[in-house]
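Take a look at the structure below.
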Amino acid sequence: MAGEDDGAWLVVGLGNPGPEYASTRHNAGYLVVDLLAERHGARLRSHKSRADAAQLRLGGAAAVLARPRSYMNVSGPTVAALRSFFKVDPARVIVVHDELDIPFGAVRLKRGGGDNGHNGLRSITSSLGTRDYLRVRFGIGRPPGRMDPADFVLRDFAAPERRELPFLVDRAADAVEALVAEGLEPAQNRFHSLA
């Protein structure tokens, strides 16, 4: 169990800034952080680290929600600046991101690992100097046919996906809260059994 004396958590939702990216698959992390802020009555405000951030309590622990204002592929310096400013142990950093290799709608949690071609994760790993941070992976599935994955992630969710999206974002936000309140293994046991 995560206790109050274990230090703060940093929950970073990855995405790209600007209205043209707002409803794209690549912005799943932004959607989850926005919902967490809404649930807890927190307002994301401009922070000097080039992010929008809010301090709140998740699962009884101090936490910071953040959305980097930099493009996803260069989000690492912003995450490192937030981690340093709020004095968060890298092991208590949670990155919420889209994941091509997980079916649409599935949520998977893990600590560490490679970036699997995800440039946002590559940037964060490089800037933090470690892979040992937590990930909440929001499944977006593989692109159809021969579509370039780089094009697919920057496209809006399809109409049938958009109908399910509020439920799925809600589930991913629940997974973040479970990760903080219960720890990795219990949260994995709960959320990996779902579609």
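The values are calculated or read from the model by the stated rules, or taken from the named source; none is laboratory data. These numbers come from a predicted model, not from an experiment. With ideal geometry, Cβ positions are generated from the backbone for all residues, glycine too; neighbour counts draw on all protein chains shown. Ligands, DNA and RNA are excluded from the accessible area calculation, which covers all protein heavy atoms including side chains. Shrake-Rupley method; radii C 1.70, N 1.55, O 1.52, S 1.80 Å.
Phi angles across the range 48-64 convert, under the Karplus curve 6.51 cos²θ - 1.76 cosθ + 1.60 with θ = phi - 60°, into 3J(HN,Hα) values of 5, 7, 6, 9, 9, 9, 8, 9, 7, 10, 10, x, x, 10, 5, 8, 10 Hz, Gly and Pro given as x. Placing unit charges on the Cβ atoms only, positive for Lys and Arg and negative for Asp and Glu, gives the chain a dipole magnitude near 360 debye about its Cα centre.
Apolar share of the accessible surface for the chain: 49 percent from carbon plus sulfur atoms, 1.4 Å probe.
Surface exposure of the chain, expressed per residue as accessible area with a 1.4 Å probe, stands at 46 Å². Its convex hull of Cα atoms gives the range 45-88 a direction-averaged projected area, equal to a quarter of the hull surface, of 3.0 nm². The long axis of helix 119-128 is offset from the longest Cα principal axis of the chain by roughly 20 degrees. Fully extending the segment from ARG45 to ARG57 would add 2.7 nm, taking 0.36 nm per residue of separation and subtracting the current Cα-Cα distance.
Report, to two decimal places, the Cα Rg of the range 106-165 normalised by 2.2 N^0.38 Å (N = number of residues). Can you show the working numbers first?
Numbers: Rg = 13.7 Å, N = 60, 2.2 N^0.38 = 10.4 Å.
Compared with the compact-globule rule of thumb, the range 106-165 sits at 1.32.
A 1.4 Å probe, protein heavy atoms only, puts the accessible area of ARG142 near 130 Å². In the chain, the longest principal axis of the Cα atoms and the axis of helix 28-39 are about 50 degrees apart. Placing dummy labels 7 Å off each Cα toward the beta-carbon, the span from MET147 to GLU161 is 0.6 nm. Computed per residue of the chain from DSSP H runs no shorter than four, each worth -39500 (n - 2.57), the mean residue ellipticity at 222 nm is -11000 deg cm²/dmol.
Based on the Kirkwood approach, the hydrodynamic radius assigned to the range 8-145 is 14.7 Å, with every pair of different Cα atoms included.
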